[in-house]
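I have placed the structure first, in the form of structure tokens, so that the comments after it can refer back to it.
The values are calculated or read from the model by the stated rules, or taken from the named source; none is laboratory data. Remember, it's a predicted structure, so these values are computed and weren't measured experimentally. Virtual Cβ from ideal backbone geometry, glycine too; neighbours counted across all protein chains shown. When the accessible area is computed, the model is the full protein with side chains, heavy atoms only, and any ligands, DNA or RNA have been set aside. Shrake-Rupley method; radii C 1.70, N 1.55, O 1.52, S 1.80 Å.
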Amino acid sequence: MAQMEKSSIAVFNSNDIYPISADSTMPFQQHRDIFYLSGVDQEESILLMFPDASEEKHREILFLRETNEHIAIWEGEKLTKERAYEVSGIKTVYWLQEFDKIFFQLMTEAETIYFNTNEHYRQSVETETREDRFIKKTKEAFPAHRWAKSNPILQRLRSVKDSIEIDLLQQACNITEKGFRRILEFVKPGVWEYEIEAEFMHEFLRNRSKGFAYTPIIASGNNANVLHYVQNNQQCKAGDLLLMDVGAEYANYASDMSRTIPVSGRFTKRQREVYDAVLHVKKEATKMLVPGNYWKEYHIEVGKLMTEQLLKLKLIDKADVQNENPDWPAYKKYFMHGTSHHLGLDTHDYGILWEPMQPNMVFTVEPGIYIPEEGFGIRLEDDVVIQEKGEPVNLMKNIPLEAEEIEELMNA
Ligand code: GLY
Ligand code: MN
Ligand code: MN
């Protein structure tokens, strides 16, 4: 509210519940912005903020789908006005059917309306969201108001985590750790990728996670070289490596881990060489996640680290580097994705990438080397919190990472 213009209203909508077919639906996933601002994790909710409202009770309002004892029998427990206040700290709670009337009254007092458009750098949305419908309707009903965008404010707020958020991210990482330790005992030649996925899911659910924070990648052998491999339907063969990119959610916060392990419990000499190269880049990259650094320059520096390693591994040679296209450097042949993204309520969380890094931003670090001609790909990924001074804190420091430790645990 402190960052809003004078005499302005901001509105945040829940996500829709998406239909599948007939009367079935996808499980509800709350829009992260209304959840971040209010803690309300329920469909058809609206948060309205109007810091200059003449009536104090209208400075922040929640509109919720009406519930009562009768509705509760059919629909299960929904937020009552009292419970909504406990969850959000917002005193004024109205039922949804009052929205149009109250919104009209408040809009006559306001000059500007903040719309919550999706400006995420990787967004690609084909459906019309509740936010979209609200924007359309409001522009038509109030064409003389000024419009503003709330997204940059939310991007900045959400990218710097409060300590309670870091605790929740830590809990998500701890659940991921339990899953990983469990599968280290489970993986052996002959197991199927989906069986490993099931082991993770079991461990996540029994630790009060709702499940995977994103679609898990369980990729043995050459499947690891398909970056978005999510079929997870192949058998793990002796001698293969197994790349897993898996994270538990907890309280709507995401963890995001990648580990690569030998199906037979021991790395070959060559696998180990490449593994240590990825690990080296990961450790050195992590040191550069400090306040004041820029995401783009950081990626250029990581590219240099990776180039050095690929030369040592003889995957590229000096001529490849000398003749490289600056827009697609030689190292990209074996490492073609980014090294770090913000992490939080969204796996690829908010954060304005052309602004400097700040303390309490949370980033992944995830270099990889993918070698289809050798039948394996390796990615290692941890989640870290930028500190005021010194190296970031690794939320995954207890998740086995060194090759010796992985081999020891797999052969225990
Ligand atoms: N699992 C998605 C990512 O690593 O970015
Ligand atoms: Mn990942
Ligand atoms: Mn990631």
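Some notes on this structure:
- Restricting attention to segment 133-156 and to residues that are part of a helix (DSSP H, G or I) and buried (at least 16 other Cβ atoms within 10 Å of the Cβ), the residue that is nearest to the chain's Cα centre (by Cα) turns out to be GLN155.
- Subset of segment 210-238 [open to solvent by 40 Å² or more (accessible area, probe 1.4 Å), assigned to a loop (DSSP other than H, G, I, E, B) and within 15 Å of ligand 3 (Cβ to nearest atom)]: TYR214, THR215, LEU227, HIS228, VAL230
- Segment 257-281, residues that are touching a strand residue (DSSP E or B) at 6+ places or on another chain (Cβ under 8 Å) and open to solvent by less than 10 Å² (accessible area, probe 1.4 Å): MET257, SER258, ARG259, THR260, ILE261, PRO262, VAL263, VAL274, TYR275, ALA277, VAL278
- Segments classed as strands (runs of 3 or more DSSP E), wholly inside segment 24-128, with at least 2 members that are closer than 30 Å to HIS341 by Cα: 46-49, 112-115
- Scanning segment 377-412 for residues that are part of a strand (DSSP E or B), touching a residue at least 24 places away in the same chain (Cβ under 8 Å), open to solvent by 10 Å² or more (accessible area, probe 1.4 Å) and of a type in the set (A, V, I, L, M, F, W, C) gives no hits.
- Residue check for ASN207: touching a strand residue (DSSP E or B) at 6+ places or on another chain (Cβ under 7 Å) and in contact (Cβ under 8 Å) with a residue 24 or more places away in the chain: no
- Against the conditions (1) of a type in the set (Gly, Ala, Ser); (2) part of a helix (DSSP H, G or I); (3) within 27 Å of LEU154 (Cβ to Cβ), GLY338 satisfies every one except (2).
- Residue in segment 389-398 that is touching a Phe, Trp or Tyr at 6+ places or on another chain (Cβ under 7 Å) and on the phi < 0 side of the Ramachandran plot present: no
- Complete set of residues in segment 239-259 that are in a loop (DSSP other than H, G, I, E, B), within 14 Å of ligand 1 (Cβ to nearest atom) and of a type outside the set (Gly, Ala, Ser): ASP256
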